[in-house]
Amino acid sequence: MECWDFKQECMNRESIEQLQLERLQATLHRVYKNVSHYRQTFREIDFMPEDLSSLDDFRRLPHTSRQVLMENYPYGMFAVPLREVVRLHTPALNIDEPVVIGFTANDLDNWAELTARNLSAVGVGKDDVVQISLTFGSVTGPFGVQLGAERIGASVIPMSSGRHSSQVQILRDFRTTTLVSAPTFALRLYRTMMEQEIDPKTLQLRIGIFGAEPWSESIRDDIEEKLHITATDMYGLTEVFGPGVAWECSEKQGLHIPEDHFLAEIIDPDTGEPVPDGQEGELVLTTLTKEAFPLIRYRTGDLTRMLPGDCPCGRSHLRIDRILRRCDNVFVMGGSRIIPEQIGKILNRISGAAPNFQLLVEREEDRDRLDVLVEISNDLFFDQMKKQRRFVEDLHSALSEFLGWEVGVRLVEAGAFDPAQPVVDKRNIR
Amino acid sequence: MLKLVNVNSRYGLIHVLKNVSMHVSAGEIVTLIGANGAGKSTALRAISGLQPVHEGKIFFSDKEITNAPAEKLVRQGIAQVPEGRQIFWPMTVMDNLEVGGVVTYSLHGKKGLYDAIEGMFQLFPILKERQNQYAGTLSGGEQQMLAIAMALINRPRFLLLDEPSMGLAPLIVKEIFSVIARLREEEGLTVLLVEQNANAALKVADRGYVMETGKIVFEDTASNLMRNQEVRRAYLGKDKREIWE
């Protein structure tokens, strides 16, 4: 078994709990002192950080939602002054109320350790060549992987996504051994290989680490068979580092959460109460080591469950099931989370009205596509064909610009879809 | 090896330790840093049984030692070097070491005691030169070495050091810390070091805790703490903060 940090990853349960208690107490003291939102919410429930002596006390604390992050835009949730922040990421979640996430030098260092653990756990070593084909932009994914791979001493090729034929060329010529990308992107590369008559067996590629969108076991089988690699899952969200939050080891039996850095809970998304062990619910994370942007009981919106028993790999940290669904309307596509209300805002701005709309997500063989169906109404009805076409074009360019990739826009007649269902995800992930 | 879980302690009405949790693994050098009056020495005294623990538990080698009397802890292998070089001034260096080695004497007899004293002379050669001198006439650094030798003479597994650098020249501090690092390397000694001299302490330690008004506000590796701006500002002599800096 490859273990990047044996001491931390294979710690016994008692030591993990002690370390979590210590770090949780320290984190609560810090956020109480430095983050006015937490100071206020703790006071509202008459909680002083020094009162915390067990996890039961901890469960009294309110959850932190994405809404809270938006309300405290830009730097309200920071626990350190800006000059100590060395990196800022703004995931493209919202148009008018973005979210800013900061990292101190120590945060980046911890993050590198976490992604190094992830990469080591699937067999990446210092002799490997890691091609990162995730979109380099405002989301954290590729940056975290890069830090970890460099920490291990592997050779990193930051490729971003797109440019399939040059990606394939580099995959072959640079003797890439590890591909980090979205799973559908790997399948797209396979198609390019077929077009260029390159046999995947002749490549050095042996490991694939995939994330940025939900993917099923059947896609895993498909990728492993076509590319002759072992494919593992990684999970992360920008608010909490990004990759390194949870990952599969080479056993592929659920995703490990590094418990020395995070405290994970599973709650019932409706009541907010913890669910019994093993039952599905929403993943809630508390950061234990983050300096710049600590989060207390942050609701991820992702549905999963704790897996019982120990992993054969020997790591003692808990495991969660693969994350395939969310508990809200938000969906993950192309590495970013898409919030229907935000699409609605753009729609309203362009059209000057509030039309009904539906987001239709489909998975073609090797890529996901998003279509925005807009219900036509009197407000949106133009007597000239030219104006009508212009409207669709404006909408298309505004949405594509916001998301950073191409979106389809279709005007449909009333009754073509159920307006109560803003998102239809036909990707058939399960 | 040592574990504190939600330890609370009060001086009368003053709540000094507020749910303090920390741990020291075998073979580790851990430092507890913080400003004057933060509660560092109280935490150390609570561990060594000199200060009552009102709530919470302390474990040593998986056995609970909360509020155990200090003399029992010495026999379990815990030794404390108190703040301010508490040695017997009107006695010679040799006499001091003999007093310090009372546990060794009771276990291994006279020969055992003098072998142990010889060991201390090897560790701190200057003490051998000064062995017949009154302890009160030693220099500050020599007194601190004697205080440490008095704790080490019973070959403890776990050493609690309270402000060993106080009032000493930087060069002497360096020498004392290098002895501590050597003992860890050679004999696997585990050390909990309370220091106001955060810079020197973090250089020798593996991990550190930062204490503020009776609460632990940071736990991290020593190298990360040294890089942490808040710690640098508060304890390593940097300036104040503004959110929009």
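The values are calculated or read from the model by the stated rules, or taken from the named source; none is laboratory data. From a predicted model like this one, the values you see are computed outputs, not experimental measurements. Here the Cβ is made from the backbone with ideal geometry for all residues, glycine too, and neighbour counts use every protein chain on show.
Return the total of residues in the range B:50-63 being out of contact with any strand residue (DSSP E or B) (no Cβ under 6 Å at 6 or more places or on another chain) and either under 16 Å from B:Pro156 (Cα atoms) or outside any loop (DSSP other than H, G, I, E, B) (or both).
Of the residues in the range B:50-63, 2 are out of contact with any strand residue (DSSP E or B) (no Cβ under 6 Å at 6 or more places or on another chain) and either under 16 Å from B:Pro156 (Cα atoms) or outside any loop (DSSP other than H, G, I, E, B) (or both).
Could you give me the residue pairs with C-beta distances under 7 Å whose first residue belongs to the range A:397-414 and is over 19 Å from A:Asp368 (Cβ atoms), whose second residue is of a type in the set (D, E, K, R) wherever it lies, and which are 6+ apart or on separate chains?
A:Val412/A:Glu375; A:Ala414/A:Glu375
For A:Asp46, work out the one condition from (1) within 24 Å of A:Gly301 (Cβ to Cβ); (2) away from every other protein chain (no Cβ under 13 Å); (3) in a loop (DSSP other than H, G, I, E, B) it doesn't fulfil.
Condition (1) is where A:Asp46 drops out.
Need at least 1 residues that are within 13 Å of another protein chain (Cβ to nearest Cβ) per element, so show me which strands (runs of 3 or more DSSP E) inside the range B:179-239 make the cut, counting only ones lying wholly within it.
Working: elements: B:190-195, B:207-212, B:215-221.
Ranges flagged: B:207-212, B:215-221.
I'm trying to understand the selection: among the residues of the range A:108-149, which are among the small types (Gly, Ala, Ser), away from every other protein chain (no Cβ under 14 Å) and part of a helix (DSSP H, G or I)?
Within the range A:108-149, A:Ala116, A:Ser120, A:Ala121, A:Gly141, A:Gly144, A:Gly148, A:Ala149 qualify.
So, in the range A:359-380, of the ones that are part of a strand (DSSP E or B) and in contact with a helix residue (DSSP H, G or I) (Cβ under 9 Å, 6 or more places away or on another chain), which residue ends up surrounded by the most Cβ atoms within 10 Å (Cβ to Cβ)?
A:Leu370
Just to be sure I understand, how many residues within the range B:60-88 are over 17 Å from the mean Cα position of the chain (by Cα), surrounded by 14 or more Cβ atoms within 10 Å (Cβ to Cβ) and over 17 Å from B:Gly101 (Cβ atoms)?
Result for the range B:60-88: 4.
Give the residue that is nearest to B:Val99 (Cα to Cα), with candidates limited to residues of the range B:150-178 that are of a type in the set (A, V, I, L, M, F, W, C) and part of a helix (DSSP H, G or I).
B:Met150
Suppose we filter the range A:8-37 for residues that are farther than 14 Å from A:Thr287 by Cα and not small (Gly, Ala, Ser); how many remain?
15
Just to confirm my filter: which strands (runs of 3 or more DSSP E) fall fully inside the range A:201-255 and include at least 2 residues that are at negative phi and over 14 Å from the mean Cα position of the chain (by Cα)?
Of the strands (runs of 3 or more DSSP E) lying wholly inside the range A:201-255, those with at least 2 residues that are at negative phi and over 14 Å from the mean Cα position of the chain (by Cα) span A:207-210, A:230-235.
Being in contact with a Phe, Trp or Tyr (Cβ under 6 Å, 6 or more places away or on another chain) and either closer than 16 Å to A:Tyr298 by Cα or more than 9 Å from chain B (Cβ to nearest Cβ) (or both) narrows it down to one of A:Val35, A:Val31, so name that one.
Numbers: A:Val35 fails: in contact with a Phe, Trp or Tyr (Cβ under 6 Å, 6 or more places away or on another chain).
None of the others qualify; the one that does is A:Val31.
Kindly list, by first and then second residue, each pair from a residue in the range A:329-350 that is on the phi > 0 side of the Ramachandran plot to a residue that is part of a strand (DSSP E or B), limited to pairs with Cβ atoms under 7 Å and residues at least 6 apart or on different chains.
A:Gly334/A:Asp368
What residue, among those in the range A:5-18 that are touching a helix residue (DSSP H, G or I) at 6+ places or on another chain (Cβ under 9 Å) and closer than 19 Å to A:Asp109 by Cα, is surrounded by the fewest Cβ atoms within 10 Å (Cβ to Cβ)?
Among residues in the range A:5-18 that are touching a helix residue (DSSP H, G or I) at 6+ places or on another chain (Cβ under 9 Å) and closer than 19 Å to A:Asp109 by Cα, the one surrounded by the fewest Cβ atoms within 10 Å (Cβ to Cβ) is A:Asp5.
Select, from B:Val16, B:Val93, B:Val30, the only residue that is farther than 17 Å from B:Arg155 by Cα, assigned by TED's automatic domain parsing to the domain that holds B:Ala147 and buried (at least 20 other Cβ atoms within 10 Å of the Cβ).
Every option except B:Val93 fails the conditions.
Please go through the range A:199-228 and give me each residue that is in contact with a Phe, Trp or Tyr (Cβ under 7 Å, 6 or more places away or on another chain) and either closer than 17 Å to A:Gly334 by Cα or among the acidic types (Asp, Glu) (or both), ordered by number.
A:Gly211
If the requirement is being polar (S, T, N, Q), buried (at least 22 other Cβ atoms within 10 Å of the Cβ) and modelled with pLDDT under 95, which of these qualifies: A:Thr140, A:Thr178?
Exactly one residue qualifies, and that residue is A:Thr140.
Only residues that are out of contact with any Lys or Arg (no Cβ under 7 Å at 6 or more places or on another chain) and either within 12 Å of chain B (Cβ to nearest Cβ) or not in a loop (DSSP other than H, G, I, E, B) (or both): list them for the range A:53-71, please.
Those that are out of contact with any Lys or Arg (no Cβ under 7 Å at 6 or more places or on another chain) and either within 12 Å of chain B (Cβ to nearest Cβ) or not in a loop (DSSP other than H, G, I, E, B) (or both): A:Ser53, A:Ser54, A:Leu55, A:Asp56, A:Asp57, A:Phe58, A:Arg66, A:Gln67, A:Val68, A:Leu69, A:Met70, A:Glu71.
Would a scan of the range A:403-415 turn up a residue that is assigned to a helix (DSSP H, G or I) and either surrounded by 15 or more Cβ atoms within 10 Å (Cβ to Cβ) or of a type outside the set (Lys, Arg) (or both)?
Yes - at least one qualifying residue is present in the range A:403-415.
For (1) surrounded by fewer than 24 Cβ atoms within 10 Å (Cβ to Cβ); (2) under 26 Å from A:Ile198 (Cβ atoms); (3) hydrophobic (A, V, I, L, M, F, W, C), each residue gets a yes or a no:
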position: A:Glu213; (1), (2), (3): yes, yes, no
position: A:Asp222; (1), (2), (3): yes, yes, no
position: A:Ile229; (1), (2), (3): yes, yes, yes
position: A:Trp247; (1), (2), (3): no, no, yes
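Any idea which residue in the range A:329-344 is nearest to A:Met70 (Cα to Cα), counting only those that are part of a strand (DSSP E or B) and touching a strand residue (DSSP E or B) at 6+ places or on another chain (Cβ under 6 Å)?
A:Ile338
Against the conditions (1) within 16 Å of A:Ile229 (Cβ to Cβ); (2) part of a loop (DSSP other than H, G, I, E, B), where does A:Gln167 fall short? Just the number, please.
A:Gln167 satisfies all of (1) within 16 Å of A:Ile229 (Cβ to Cβ); (2) part of a loop (DSSP other than H, G, I, E, B) except (2).
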